[in-house]
Amino acid sequence: MFRNLWKYLGMNAVLIAATLPLVFHWVPPNRWYGFRLPGTGASPELWYGINATGGKMFILSMIICASVNLLFLWRGLEKARPYLGWINGGLILLSFWIVSQVLVQYLP
């Protein structure tokens with residue numbers, strides 16, 4: 001159980017760590033890293049605001065994903081364990097989609 005626990009929580013921790021530079025405004029406007037939405041590259045203020053908001057929301061969603069992983073592994077839901085990787089991947093993709101849909105509303 002603990003091996004699987006650290007595998008899934010470690011993945012969530014890596015994604016949180018990758019998001020922290022966005023929250024702290026350490027990433028200047030670029031085309032490789034960050035929440036790149038239409039128009040965010042034109043204005044540095046908009047870029048930093050969108051990425052800080054998106055980063056905070058994504059960190060919250062990764063905490064929710066980690067909680068779901070803990071619940072599945074702690075409660076011993078044996079039938080769902082083989083699918084936990086798929087469940088986790090789906091939650092991460094859903095998180096990206098929700099965050100991007102909310103961030104689009106902040107665009108001018």
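The values are calculated or read from the model by the stated rules, or taken from the named source; none is laboratory data. Computed from a predicted structure; not experimentally measured. Note that each Cβ is placed from the backbone with ideal geometry, even for glycine, and that neighbours are counted across all protein chains shown.
Which of (1) of a type outside the set (D, E, K, R); (2) in a helix (DSSP H, G or I); (3) farther than 28 Å from Glu78 by Cα is the odd one out, the single condition Gly34 does not satisfy? Going through (1) of a type outside the set (D, E, K, R); (2) in a helix (DSSP H, G or I); (3) farther than 28 Å from Glu78 by Cα one by one, Gly34 breaks only (2). I'm checking my understanding of the structure. Among residues of segment 12-31 that are among the polar types (S, T, N, Q) and either assigned to a helix (DSSP H, G or I) or touching a residue at least 40 places away in the same chain (Cβ under 8 Å) (or both), which one is nearest to Leu93 (Cα to Cα)? Result: Asn12.
Exactly one residue among Leu37, Leu5 is out of contact with any strand residue (DSSP E or B) (no Cβ under 6 Å at 6 or more places or on another chain) and at pLDDT below 85, and that residue is Leu5. Mind listing just one residue for me: the one in segment 91-108 that is among the hydroxyl-bearing types (Ser, Thr, Tyr) and assigned to a helix (DSSP H, G or I) and, of those, surrounded by the most Cβ atoms within 10 Å (Cβ to Cβ)? Filtering segment 91-108 for residues that are among the hydroxyl-bearing types (Ser, Thr, Tyr) and assigned to a helix (DSSP H, G or I), the one surrounded by the most Cβ atoms within 10 Å (Cβ to Cβ) comes out as Ser95. Filtering segment 75-90 to residues that are within 30 Å of Gly49 (Cβ to Cβ) and surrounded by 15 or more Cβ atoms within 10 Å (Cβ to Cβ) leaves only Asn88. Filtering segment 22-39 to residues that are under 17 Å from the mean Cα position of the chain (by Cα) and either surrounded by 14 or more Cβ atoms within 10 Å (Cβ to Cβ) or among the hydroxyl-bearing types (Ser, Thr, Tyr) (or both) leaves Leu22, Val23, His25, Val27, Tyr33, Gly34, Phe35, Arg36, Leu37.
Scanning segment 40-69 for residues that are modelled with pLDDT under 85 and either assigned to a helix (DSSP H, G or I) or exposed (fewer than 12 other Cβ atoms within 10 Å of the Cβ) (or both) returns Ala42, Asn69.
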